[in-house]
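The values are calculated or read from the model by the stated rules, or taken from the named source; none is laboratory data. All values derive from a computational prediction rather than experimental measurement. Every residue, glycine as well, gets a Cβ built from its backbone with ideal geometry; the counts of neighbours run over all protein chains shown.
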Amino acid sequence: MKTKWFIVVVIFSVLSAQAQTHPSMESKELKKITLGAGCFWCTEAVYLQVNGVVKVVSGYAGGKVKNPTYREVCSGLTGHAEVTQITYDPKIISYTDLLEIFWNMHDPTTLNRQGADEGTQYRSVIFYNDEGEKKIAEQYKKQLDEAHLYKSPIVTEISILTNFYPAEDYHQNYYALNPNQGYCQYVIRPKVEKFKAHFASKLKK
């Protein structure tokens with residue numbers, strides 16, 4: 001039986017080949033991708049391990065309030081999602097590589113929830129910068145759904161990035177600075193270990 005991991009890799013390979021011919025994917029300059037996959041501490045900890053990623057900033061995107069605080073976002077009233085904005089070198093790691101990791105590191109079928117973290121701020125979301133990125137993200141999502149990879153439909157939101165606000169300083173590099181904290185040990189660490197096991201070839205040296 002084909003595993004979820006195998007199916008994601010197959011779909012990724014097809015889309016990666018398509019992306020190589022798309023003009024917006026050919027730039028040699030550093031690029032940014034903004035993703036929400038539940039608590040930003042988890043997402044940040046994983047992407048900081050990725051070869052080709054030069055910077056990861058935890059923050060808030062997709063809401064209507066300017067410069068929101070963590071407490072405001074946690075209320076669920078601002079419309080923001082907890083996200084990580086990832087700056088990467090496309091000569092080393094591609095947009096589709098980063099999406100491949102995204103699809104594997106969280107459950108994209110649970111609406112406004114990841115594990116015990118619940119609320120619209122924890123929604124699964126891809127914020128795209130241009131139509132090229134939008135097309136690839138939508139194709140990836142569609143093909144994963146058509147492959148019946150999950151028992152439930154994928155609910156990942158795919159929206160244009162209209163704003164991004166860095167989170168407070170104490171949220172940045174949280175896992176590395178607080179390794180013995182309970183949430184880090186029991187929630188973040190397993191995600192990081194899963195990433196290392198599945199993506200050994202993409203780890204920083």
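General remarks:
- Checked across the range 18-40, the condition of being at pLDDT below 95, of a type in the set (A, V, I, L, M, F, W, C), surrounded by fewer than 21 Cβ atoms within 10 Å (Cβ to Cβ) and closer than 29 Å to Lys205 by Cβ holds for at least one residue.
- Considering residues of the range 89-108 that are surrounded by 15 or more Cβ atoms within 10 Å (Cβ to Cβ) and of a type in the set (Val, Ile, Thr) only, the residue nearest to Tyr175 (Cα to Cα): Ile101
- Which numbered condition Lys191 misses (of (1) assigned to a helix (DSSP H, G or I); (2) more than 16 Å from Ser58 (Cα to Cα); (3) in contact with a strand residue (DSSP E or B) (Cβ under 8 Å, 6 or more places away or on another chain); (4) not small (Gly, Ala, Ser)): (3)
- Subset tally (residues that are loosely packed, with under 13 Cβ neighbours inside 10 Å, within 16 Å of Thr84 (Cβ to Cβ) and either touching a Lys or Arg at 6+ places or on another chain (Cβ under 8 Å) or touching a residue at least 24 places away in the same chain (Cβ under 8 Å) (or both)) for the range 170-203: 1
- Residue list for the range 116-131, restricted to those being in a strand (DSSP E or B) and crowded, with 19+ Cβ neighbours inside 10 Å: Ser124, Val125, Ile126, Phe127, Tyr128
- The range 139-158: number of residues that are under 17 Å from the mean Cα position of the chain (by Cα), in a loop (DSSP other than H, G, I, E, B) and hydroxyl-bearing (Ser, Thr, Tyr): 1
- Residues being without any contact (Cβ under 8 Å) to a residue 12 or more places away in the chain and either closer than 16 Å to Asn163 by Cβ or part of a loop (DSSP other than H, G, I, E, B) (or both) - total across the range 52-76: 2
- From the list Asp130, Asp107, Asp97, the lone residue that is of a type in the set (Asp, Glu) and within 14 Å of Thr43 (Cβ to Cβ) is Asp107.
- Only listed residue being under 20 Å from Lys31 (Cα atoms) and surrounded by fewer than 18 Cβ atoms within 10 Å (Cβ to Cβ), chosen from Lys151, Lys135, Lys142: Lys135
- Under the condition of being among the charged types (D, E, K, R) and surrounded by 15 or more Cβ atoms within 10 Å (Cβ to Cβ), the residues counted in the range 65-88 number 2.
- Taking the criterion of being touching a helix residue (DSSP H, G or I) at 6+ places or on another chain (Cβ under 9 Å) and over 17 Å from Leu111 (Cα atoms), the only residue of the range 149-164 that qualifies is Ile160.
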